[in-house]
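Let me begin by presenting the structure, written as structure tokens, before commenting on it.
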Amino acid sequence: SGGGHEYDVVVLGSGPGGYTAAFRAADLGLKVALVERYPSLGGVCLNVGCIPSKALLHTAAIIDEAAAMADHGVRFGDPDIDLERLREFKDGVVGKLTDGLGGMATRRGVEVVRGTGRFTGPNELTVGGGDEERVLDFAHAIIAAGSQSLELPGLPWGDPRLMDSTAALDLEDIPGRLLVIGGGIIGLEMACVYAALGSKVTVVELTPQLMPGADADLVRPLQQRIKSRYENIYLETRVTGVDIADDALVARFEGEKAPSSAEFDRVLVAVGRVPNGGNIGADAAGVEVDDKGFIAVDNRMRTNVPHIFAIGDIVGQPMLAHKATHEGKVAAEVCAGHKSAFDARAIPSVAYTDPEVAWVGVTETEAKAGGTAYGVGKFPWAASGRALGIGRGEGFTKLLFDEETGRIIGAGIVGPHAGDLVSECALAIEMGCEAADIGLTIHPHPTLSETVAFAAEVYEGTVTDLY
Ligand code: FAD
């Protein structure tokens, strides 16, 4: 199918989008090259994103849980943290997965080409920076070059105490006082890790709410919990600068509740991510990139150049690994001549904080703004025996139903394991379930998953009088 080209498919970038696309294309019988500038495969997600952060968050959760056991009559001592061993554990997890990808590529005959790739023609990608420059001639290309942290301008980026998420995951030390700029998912996850390890954490967020994008009620139990554990949370506050003092970084704030400045040992900037569309030579292939660096695609993941596809963070929000992998499969299948399309009704978002915050489909804020006639079934975990048994009655499960069709359109869950629980809601949305479908499905007792069924029954009015 290569039509005389050296490769049927060249994939640029080996993150979750890229490796999934490359493997799927090879499984469909295509000749594939996978180009990556970094020594290990797996992109942001495996190397400096989802995976290392979750390894550290597990440690953080155990530290907090061990401390909470005092309320159950069991006292552990203060944690004795061997940072080097913790780093080794995290790096070991990453290494197992990235090495695994190498093996999977080899077994499928996917050729991994090391170096930085840029288009030098509509059917040509030139890879340099590795051992030698190579020109790959392709019938199809899949751009999966991902994104990188947005560096706030004007900050002293040369100072190693000023960190992006990658540096924060390196866990160089446990700073006495840590400032986290940005109260989104990534900032709050790292705040959670450092707070558990013993840092005094301050979080600054520009908007009136932590985790903008999630419903305010969903974020409240998290905010309640961290309010007493963190040094400060400043909402509606802007960081106007960071200055280098003798032995500290001095951040300047603009906001009603914040002081004009404060000293920190380290500062993490987590204010968003920018796509890598600007530096791949897209022009040479005629691929349009917008001024932010995003590449527009249709539902078959095709760019404006029909034989060149784009997937993952580089095509837009939500910038999530599970979106990238699904898009990667579609792109590979279309390259192989299948009539595939990306047609997700809902893409779940999860903050793996403590408690976890997860949502999928339409949020209540969006339903209100869109004028949708909707109804809510909300089940407080204070009425769940299992939640009380783990000492976490603050959570809740909320389902949103379209009043006209009776079908579930959205869900939000806050509490431990919310990220695992929300998958059932995503399935329900994809299947077009009504409340009775969920409520009549027998869930095991006593589990947190029951709260999904109970929330559906609350909506139906078959469960009332919860307290
Ligand atoms: P990426 O993973 O960004 O990979 C792109 C790859 O392309 C990189 O390896 C890069 O080196 C390579 N590349 C780029 N340009 C070139 C070039 N010119 N030549 C050669 N190679 C190139 N998402 C979740 O779903 N769940 C999470 O829990 C989660 N946690 C996160 C935590 C952190 C700290 C961060 C930063 C992100 C997290 N994300 C999470 C987001 C997730 O990592 C991304 O959505 C995902 O990695 C995007 O995949 P991708 O395939 O689009 O690109």
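Values in this text are rule-based calculations from the coordinates and carry no lab data. It should be emphasised that the depicted structure is a prediction, and the values quoted were computed from it without experimental measurement. Methodologically, a virtual Cβ is constructed for each residue, glycine included, from the backbone with ideal geometry; neighbour enumeration extends over all protein chains shown.
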### Query
For the stretch 186-232, what log10 I(q)/I(0) values come out of the Debye formula at q = 0.28 1/Å, with one point per alpha carbon and no solvent?
-1.19
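If one computes P(r) from the Cα atoms of the stretch 246-304, what percent of pairs lie at distances over 18 Å?
59 percent
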## Note on the structure
The whole-number value in µm²/s of the Stokes-Einstein translational diffusion coefficient for the stretch 1-60, with Rh from the Kirkwood sum over alpha carbon pairs at 20 °C and 1.002 mPa s, is 167 µm²/s
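What ranking of 166, 303 emerges when the number of other C-beta atoms within 10 Å of each C-beta is taken as an exposure proxy, fewest first? Please report the intermediate quantities before stating the final value.
On the way: 166 14, 303 23.
Ranking 166, 303 by Cβ neighbours within 10 Å, fewest first, gives 166, 303.
Restricting everything to alpha-carbon atoms, can you work out Rg to Rh for the stretch 279-438 with a Kirkwood hydrodynamic radius? Spell out each step's value before the answer.
Working: Rg = 19.1 Å, Rh = 17.8 Å.
Using only Cα positions, Rg/Rh for the stretch 279-438 is 1.07.
Classify the stretch 339-390 from the C-alpha gyration tensor, please: rounded if a/c falls under 1.5, else prolate or oblate depending on whether a/b exceeds b/c. Show your work: numbers first, answer last.
Numbers: a/c = 2.55, a/b = 1.51, b/c = 1.70.
Taking the square roots of the gyration eigenvalues as a ≥ b ≥ c, the stretch 339-390 is oblate.
When N counts the residues of the chain, how does its alpha-carbon radius of gyration compare numerically with 2.2 N^0.38 Å, as a ratio?
Computed over Cα atoms of the chain, the ratio equals 1.04.
Determine the gain in length on full extension of the stretch residue 305-residue 274; use 0.36 nm per residue of separation and subtract their C-alpha separation, reporting nm with one decimal. Mind dumping the intermediate values first?
Values: separation 31, 0.36 × 31 = 11.16 nm, distance 2.25 nm.
Value of the extension gain: 8.9 nm.
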### Task
Using only the Cα atoms, work out Rg/Rh for the stretch 58-121, with Rh taken as the Kirkwood radius, to two decimals.
1.32
### Query
Based on the inverse mean of 1/r over its pairs of different Cα atoms, what is the Kirkwood hydrodynamic radius of the stretch 189-312, in Å?
17.8 Å
### Query
Gap in Å between the Cα centre of the stretch 238-254 and the Cα centre of the stretch 17-94?
31 Å
### Query
So for the chain: antiparallel DSSP bridges make up what percent, rounded to the nearest 5?
60 percent
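Quick one: order 384, 449, 147, 14 by neighbouring beta-carbon count within 10 Å, fewest to most.
Numbers: 384 25, 449 18, 147 21, 14 32.
By the 10 Å Cβ count, ascending: 449, 147, 384, 14.
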### Task
Quote the FRET efficiency, to the nearest 0.05, computed for residue 150 versus residue 96 with a Förster distance R0 of 22 Å and r equal to the Cβ-Cβ distance.
0.15
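To make sure I understand, if each residue's beta carbon is the centre and we count other beta carbons within 10 Å, what order do 274, 9 fall in, fewest to most?
Values: 274 16, 9 30.
If I rank by nearby Cβ atoms, fewest first, I get 274, 9.
What shape does the stretch 385-467 take by its C-alpha gyration tensor, where a ≥ b ≥ c are the square roots of the eigenvalues and a/c under 1.5 counts as rounded, a/b above b/c as prolate, and the rest as oblate? Kindly include the intermediate steps, with their values, before the conclusion.
On the way: a/c = 1.89, a/b = 1.48, b/c = 1.28.
Prolate shape, in that a/c is at least 1.5 and a/b is the bigger ratio.
For the stretch 114-207, just run the numbers: alpha carbon Rg, then divide by 2.2 N^0.38 Å, N being how many residues it has.
Details: Rg = 19.3 Å, N = 94, 2.2 N^0.38 = 12.4 Å.
In units of the 2.2 N^0.38 Å rule of thumb, it is 1.56.
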### Query
Just the C-alpha atoms of the stretch 10-130: what Rg/Rh do they give, with Rh taken as the Kirkwood radius?
1.19
